[in-house]
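For reference, the structure discussed in these notes is given below.
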Amino acid sequence: MAPKKAKRRQQQGEGGSSNVFSMFEQSQIQEYKEAFTIIDQNRDGIISKDDLRDVLATMGQLNVKNEELEAMVKEASGPINFTVFLTMFGEKLKGADPEDVIVSAFKVLDPEGTGFIKKEFLEELLTTQCDRFTAEEMTNLWAAFPPDVAGNVDYKNICYVITHGEEKEE
């Protein structure tokens, strides 16, 4: 019977909602817990409209409309405790591409397989194709991912940050 139980548990974990904690690595759960604690300004274990207003005020957004706060809170099916908070992130991330898929997309632009793309080439693509980047977005990109002295951009690092949220430690 043990193999059947293990198989059933695995299927539930892949399905998503049965155990939201299985969707994330322990380090990610800890980061979300820290974020939840910051947002839960009154420390009652529930993120409310007032908590959102307070945390936005600490970030300089002082004139947030009541309707905007209500819309944020209504994204959840009920009171936003930590499990609901984590579930909401899981649902938002569910459609995100895995790191290897994003790296494969960049590899099309890197026929030699160097792991780098010329800054000028990437900037031209991002500012002239599809959802075009603005000058400000390009400035932010280069601030976050500065090219090396030869003008090369490490796209594998960009992919890692997109999927993990922080720079690789080398």
Contact list please: Cβ distance under 6 Å, first residue in the stretch 17-38 and more than 11 Å from F89 (Cα to Cα) and in contact (Cβ under 8 Å) with a residue 24 or more places away in the chain, second residue hydrophobic (A, V, I, L, M, F, W, C) and surrounded by 12 or more Cβ atoms within 10 Å (Cβ to Cβ), pairs at least six apart or on different chains. F36/F82; F36/F85
Taking the stretch 129-157 and keeping only residues that are surrounded by 15 or more Cβ atoms within 10 Å (Cβ to Cβ) and basic (K, R), one is left with K156
Output the residue which, of all residues in the stretch 36-54 that are surrounded by fewer than 16 Cβ atoms within 10 Å (Cβ to Cβ) and acidic (D, E), is nearest to the chain's Cα centre (by Cα). D54
Looking only at residues in the stretch 63-79 that are in a loop (DSSP other than H, G, I, E, B) and out of contact with any helix residue (DSSP H, G or I) (no Cβ under 8 Å at 6 or more places or on another chain), which one is surrounded by the fewest Cβ atoms within 10 Å (Cβ to Cβ)? N63
Pairs please, first residue from the stretch 47-72 and in the same structural domain as T37 (by the TED database), second anywhere and of a type in the set (K, R) and not in a strand (DSSP E or B), Cβ atoms under 7 Å, 6+ apart in sequence or on different chains. V64/R53; L69/K49; L69/R53; E70/K49
Among the listed residues G78, G60, which satisfies the condition of being modelled with pLDDT under 90, out of contact with any His (no Cβ under 9 Å at 6 or more places or on another chain) and either closer than 29 Å to V161 by Cβ or of a type in the set (F, W, Y) (or both)? G60
For the stretch 125-147, how many residues are in contact (Cβ under 8 Å) with a residue 12 or more places away in the chain, more than 29 Å from M23 (Cβ to Cβ) and out of contact with any strand residue (DSSP E or B) (no Cβ under 6 Å at 6 or more places or on another chain)? 4
Across the stretch 92-124, which residue is farthest from T134 (Cα to Cα) among those that are without any contact (Cβ under 8 Å) to a residue 24 or more places away in the chain, charged (D, E, K, R) and not in a loop (DSSP other than H, G, I, E, B)? D100
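The values are calculated or read from the model by the stated rules, or taken from the named source; none is laboratory data. These figures come from a predicted structure and were not determined experimentally. We place every Cβ from the backbone using ideal geometry, glycine too, and count neighbours over all the protein chains shown.
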